[in-house]
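Visitor: Got a structure here, written out as structure tokens. Questions coming.
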Amino acid sequence: MTELSVESISPELGARVYVAPDHLLDEGVPEQCLELLNKHGVLVFPAIGISDELQVEFSNRVGKMKPSKIYSSGNGEEKSLGIYKVTMDPKRAKFIDYIVSNEYWHMDGTSYAIPPKATNLKCEMPSSSGGDTEFANLYLAYEQLPAEKKAQIDDLKVVHGVVAANLRWCKNPSLVDLERWMRDGPATEQPLVWKQADGRSALVVGSTADHIVGMDLDEGRALLKELLDWCTQPQFCYRHQWQQGDMVIWNNPGLLHRAHPYTQDSGRLMHRTTITGTEALS
Ligand code: OGA
Ligand code: MN
């Protein structure tokens with residue numbers, strides 16, 4: 001069996017995996033990666049430099065890839081294989097608002113009953129400045145919450161949606177944009193504490209969390225902010241600085257993530273695949 005070389009980044013979060021591209025699909029390798037993903041939260045494949053086809057195939061072996069519906073800017077660009085291009089370049093990004101919102105801490109897919117299992121980014125071109133991706137370990141953050149706080153929040157429900165996330169920076173959206181946001185990430189009630197099948201629990205907070213059900217609006221938002229600040233303390237975080245060819249895959253249900261700011265002319269381009277969720281948010 002192909003042995004992977006694995007180097008932990010910190011005891012809290014992240015590991016680097018060294019494997020040659022032509023061994024990535026060897027028997028047992030995607031399965032080992034899924035195990036490592038569950039253990040370390042974030043897997044970095046430094047400068048692995050794989051093709052789009054291999055990224056898609058790998059995603060489909062770690063789980064079941066969910067092809068992106070948003071292909072390209074419609075300017076005759078190459079067929080995308082279901083890969084989503086993460087870029088601020090107005091010539092290539094179809095909806096820049098979703099890319100800007102990536103700069104706020106979030107979990108992917110909180111509007112859905114079953115959020116994605118994992119997100120996989122491959123760096124085609126790093127940003128000329130900024131553009132790191134940072135991750136926060138939600139399991140650890142929950143585990144280390146004081147018992148009284150756990151008791152206070154354990155049964156709370158939160159409404160999540162893309163509108164809440166985008167309104168954080170886009171204060172006067174058009175009606176057309178608002179409708180698209182509501183379609184792409186409808187307001188959905190979710191438990192604040194996601195108790196997962198393996199016994200771990202994640203605090204589902206971040207930019208999509210709008211308010212707490214049944215609580216005074218300001219009081220609920222203050223609590224959501226307090227919990228977000230708790231979860232994103234430096235000791236729970238790993239910040240990845242991209243090199244061309246890096247691939248990073250993360251365990252979406254156990255993490256918050258965000259992009260550090262970068263500009264439209266930064267050159268930054270990521271090829272992104274999503275792996276279908278396996279567990280309902282409950
Ligand atoms: C995403 C995302 C962050 C980044 O693709 O879901 O949040 O750094 N990306 O581009
Ligand atoms: Mn994201």
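Just so it is clear, none of the values below were taken in a lab; they were calculated from the coordinates. Everything quoted here is computed from the prediction, not taken from an experiment. A quick note on method: Cβ atoms are made from the backbone with ideal geometry, for glycine too, and the neighbour counts reach across all protein chains shown.
Visitor: Please list 3J(HN,Hα) in residue order for segment 190-207, calculated via the Karplus relation 6.51 cos²θ - 1.76 cosθ + 1.60 where θ = phi - 60°; whole Hz, with x for glycine and proline.
Guide: Along segment 190-207, the couplings run 9, x, 5, 10, 8, 8, 9, 4, 7, x, 8, 10, 10, 7, 8, 10, x, 5 Hz.
Visitor: Follow-up question, since we're still on this one. Mind listing which chymotrypsin sites (Phe, Trp or Tyr not before Pro) in segment 74-139 are in a DSSP loop and have 16 or fewer other Cβ atoms within 10 Å?
Guide: F95, Y112
Visitor: Which far-off residues, 5 or more places away or on another chain, put their amide H under 5 Å from the one on H240, with H placed in the peptide plane?
Guide: For H240, whose amide H was placed from the backbone, the distant partners under 5 Å are T133, E134, F135.
Visitor: Then there is this: Read phi for every residue in segment 93-102 and hand back ³J(HN,Hα) as whole Hz from Karplus 6.51 cos²θ - 1.76 cosθ + 1.60, θ = phi - 60°, with x for Gly and Pro.
Guide: 8, 6, 10, 5, 4, 5, 6, 4, 5, 4
Visitor: Connecting C-alpha atoms closer than 10 Å in a GNM of the chain, tell me which of R180, R272, R92 has the biggest fluctuation.
Guide: Greatest mean-square fluctuation among the candidates belongs to R180.
Visitor: Same structure, new question: Kindly write out, for segment 125-140 in residue order, the coupling ³J(HN,Hα) from the Karplus curve 6.51 cos²θ - 1.76 cosθ + 1.60 (θ = phi - 60°), rounded to whole Hz, with x marking Gly and Pro.
Guide: 8, x, 5, 5, 7, x, x, 5, 10, 10, 10, 10, 7, 6, 5, 5
Visitor: Right, something else. Can you list, bin by bin at 10 Å, the percent of alpha carbon pairs in the chain, starting at 0?
Guide: 6, 29, 37, 22, 6, 0
Visitor: When the chain is fully extended, how far beyond the present Cα-Cα distance does E31 get from T2, taking 0.36 nm per residue of separation?
Guide: Full-extension gain reported as 9.3 nm.
Visitor: Considering amide H positions built from the backbone, and no H for Pro or chain starts, which residues 5 or more places from L269, or on another chain, come under 5 Å of its amide H?
Guide: E124, M125
Visitor: Placing +1 on the Cβ of each Lys and Arg and -1 on the Cβ of each Asp and Glu in the chain, which of A202, S5, G214 has its Cα farthest towards the positive end of the resulting dipole?
Guide: After comparing all options, I get G214.
Visitor: How large is the helix-only mean residue ellipticity at 222 nm for the chain, computed as the sum of -39500 (n - 2.57) over DSSP H runs with n ≥ 4, divided by its residue count, in deg cm²/dmol to the nearest 500?
Guide: That comes out to -7500 deg cm²/dmol.
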